[in-house]
Amino acid sequence: NNAIRAVTQDGQTRTVAGGNYGHADGQGNRAAFVNPVAVAVDGTGRLAVADTTELRLVSPGGQVTTLAGKDVASFADGAGVDARFNTICGVAFAPDGAIWLADAGNTRVRRVAPDGSTSTIAGGAEAVATDGPGATARFQLPYGIALDPAGWAYVSDYTGHRIRRIDMRDPAHPVTTIAGSAAATSLDGPGAAATFAGPLGLALDGQGRLLVADGSAKRVRRIDLHDPAFPVTTVAGSGAYGFQDGPGESATFAGLEWVTVFGDTLFTSGRYDSMIRKLVPR
């Protein structure tokens, strides 16, 4: 729908901005987007929107502006609209006001400063899954991103079937794999033995756990970040395709893509099932 919408916990929905296809900034429904896929919110209520090749901002009052990028799918670091992206997916605000994002089409993790200047944190042109310092580390297809105030950035590597971690405090930004492997299956267990099948959206729950929308597995998974073994467990989803509500692993998903946490409640969404789902802890 090329729209940014707000949904209350009782399901009341309103359009904040957009509703039109294009690259126009402006107030509310005068703005236009091109397939926006993810949003992040900062402490002031401002939204960052992953809008394909542009990083857009939406004020609490619905004013849309372009912070970085242009309607050209390419790669370049630089200032504001001189930067180039190729299919921005996950976005997240850092404590310093910068926005970190998964530039999926360019297989890189990027940082956009508050003034719009863009730099590459990790990854390169080669679509492989390699750990190491940011300049030499590689991703197959980075998709979701979540930032821990303690100084860690977590990235889902969709076609690499891994969850990766970047040290934000180290200028070299070393990348390590904390869970998953090349095996595209869905097995719980310690991170090194656990597997994912196309992990997408990520969210931190404020209790030291990372929630993962395991897209192709059609499950919501959880990683305990306090445990150095990074154990992975399944929170919801049977793995079968469907739209069935119900307790935990009896529920089914069709287009699971994003997860977000409010308090102790988890919400999921997906572009193909066109639903917002709520997971209430038992």
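Below, the figures for the structure above:
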| item | result |
| --- | --- |
| Hits in segment 228-263 (condition: closer than 22 Å to Arg209 by Cβ, part of a loop (DSSP other than H, G, I, E, B), within 22 Å of the chain's Cα centre (by Cα) and among the aliphatic types (A, V, I, L, M)) | Leu256 |
| Residues of segment 110-124 classified as buried (at least 24 other Cβ atoms within 10 Å of the Cβ), touching a residue at least 40 places away in the same chain (Cβ under 8 Å) and in contact with an Asp or Glu (Cβ under 7 Å, 6 or more places away or on another chain), total | 1 |
| Selected residue (criterion: surrounded by the most Cβ atoms within 10 Å (Cβ to Cβ)) from residues of segment 237-259 that are under 23 Å from Arg164 (Cβ atoms) and modelled with pLDDT of 95 or more | Val259 |
| Residue that is nearest to the chain's Cα centre (by Cα) [pool: residues in segment 85-132 that are among the hydrophobic types (A, V, I, L, M, F, W, C) and farther than 21 Å from Arg169 by Cα] | Cys89 |
| Restricting segment 127-138 to residues that are assigned to a loop (DSSP other than H, G, I, E, B) and touching a Phe, Trp or Tyr at 6+ places or on another chain (Cβ under 9 Å), the residue that is farthest from Gly105 (Cα to Cα) | Ala129 |
| Leading residue by the ranking (modelled with the lowest pLDDT) among those in segment 261-282 that are open to solvent by 100 Å² or more (accessible area, probe 1.4 Å) and not hydroxyl-bearing (Ser, Thr, Tyr) | Arg282 |
| Exclusive hit being among the hydroxyl-bearing types (Ser, Thr, Tyr), at negative phi and open to solvent by less than 60 Å² (accessible area, probe 1.4 Å), set Thr53, Thr44, Thr107 | Thr53 |
| Residue count, segment 169-194 (criterion: part of a loop (DSSP other than H, G, I, E, B), of a type in the set (A, V, I, L, M) and open to solvent by 40 Å² or more (accessible area, probe 1.4 Å)) | 6 |
| Those residues of segment 149-167 which are under 19 Å from Ile88 (Cβ atoms) and either among the aliphatic types (A, V, I, L, M) or open to solvent by less than 10 Å² (accessible area, probe 1.4 Å) (or both), in sequence order | Ala153, Tyr154, Val155, Ser156, Asp157, Gly160, Arg164, Ile166 |
| Thr195 being over 24 Å from Pro95 (Cα atoms) and modelled with pLDDT of 95 or more | yes |
| Hits in segment 253-272 (condition: of a type in the set (Ser, Thr, Tyr) and farther than 22 Å from Leu204 by Cα) | Tyr272 |
| Long-range neighbours under 7 Å by Cβ, at least six apart or interchain, first residue without any contact (Cβ under 8 Å) to a residue 40 or more places away in the chain and within 28 Å of Asp42 (Cβ to Cβ) within segment 125-154, second of a type in the set (Asp, Glu) and open to solvent by less than 10 Å² (accessible area, probe 1.4 Å) | Phe139/Asp157; Leu141/Asp157 |
| Verdict on Gly62 being within 21 Å of Ile121 (Cα to Cα) and of a type outside the set (Val, Ile, Thr) | no |
| Any strands (runs of 3 or more DSSP E) falling wholly within segment 1-50 and containing at least 3 residues that are closer than 15 Å to Ser269 by Cβ and not charged (D, E, K, R) | 3-7, 38-41 |
| Single residue of Val37, Val16, Val49, Val7 found to be in contact with a helix residue (DSSP H, G or I) (Cβ under 9 Å, 6 or more places away or on another chain) and in contact (Cβ under 8 Å) with a residue 40 or more places away in the chain | Val16 |
| Scan of segment 195-206 for residues that are surrounded by 14 or more Cβ atoms within 10 Å (Cβ to Cβ) and either more than 21 Å from Leu141 (Cβ to Cβ) or of a type outside the set (A, V, I, L, M, F, W, C) (or both), ordered by number | Thr195, Gly198, Pro199, Gly201, Leu204, Asp205 |
| Qualifying positions in segment 209-227 - part of a loop (DSSP other than H, G, I, E, B) and open to solvent by less than 20 Å² (accessible area, probe 1.4 Å) | Gly215, Ala217 |
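The values are calculated or read from the model by the stated rules, or taken from the named source; none is laboratory data. Being a predicted model, the structure only gives us computed values, none of them experimental. Every residue, glycine among them, receives a Cβ derived from its backbone with ideal geometry; neighbour counts consider all protein chains shown. Protein only, heavy atoms only, side chains kept; ligands, DNA and RNA dropped before computing areas. Shrake-Rupley method; radii C 1.70, N 1.55, O 1.52, S 1.80 Å.
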